[in-house]
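The values are calculated or read from the model by the stated rules, or taken from the named source; none is laboratory data. Since the model is a prediction, treat every value here as computed from it, not as a measurement. Surface areas here come from the heavy atoms of the whole protein model, side chains and all, with no ligands, DNA or RNA. Shrake-Rupley method; radii C 1.70, N 1.55, O 1.52, S 1.80 Å.
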Amino acid sequence: MSEPEFSARGVRIARWPRSLTRAGEVRIEDGRLALLTSYGSEIDSAPVRAVRAGRPWFAKADETVAKVNGTRYRLTMDGAGEDDARDAEQAGRFLAALRRAAGGR
């Protein structure tokens, strides 16, 4: 098993209008994106080429929106409000890692 290209814990994962987990994990590994609960159960996963993600104009700096298997998820990189700049940087790293894993599209 290889090292994940991207892994973030403490991620709030929401599917409008409800929150699925407030301390989940987002992981990009072996060409797949996986959204996991705080207990490690899989919420959803898909090959990175099938995932669409971005930061809409109305989102905060630490939020991204990802469409996985036709379902839109709001991902908030939330370090419990400790360091907002670090959370925003992590959101940017997630989007960059997703692009790299998908072949730079």
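With kT/(6 pi eta Rh) evaluated at 25 °C and eta = 0.890 mPa s, and Rh the Kirkwood radius from Cα pairs, the range 8-105 diffuses with a coefficient of 186 µm²/s according to Stokes-Einstein. Only protein atoms count toward the accessible area here, which uses a 1.4 Å probe; on the chain, the carbon and sulfur part of that area reaches 46 percent. Taking all protein chains into account, the per residue accessible area for the chain stands at 59 Å² (1.4 Å probe).
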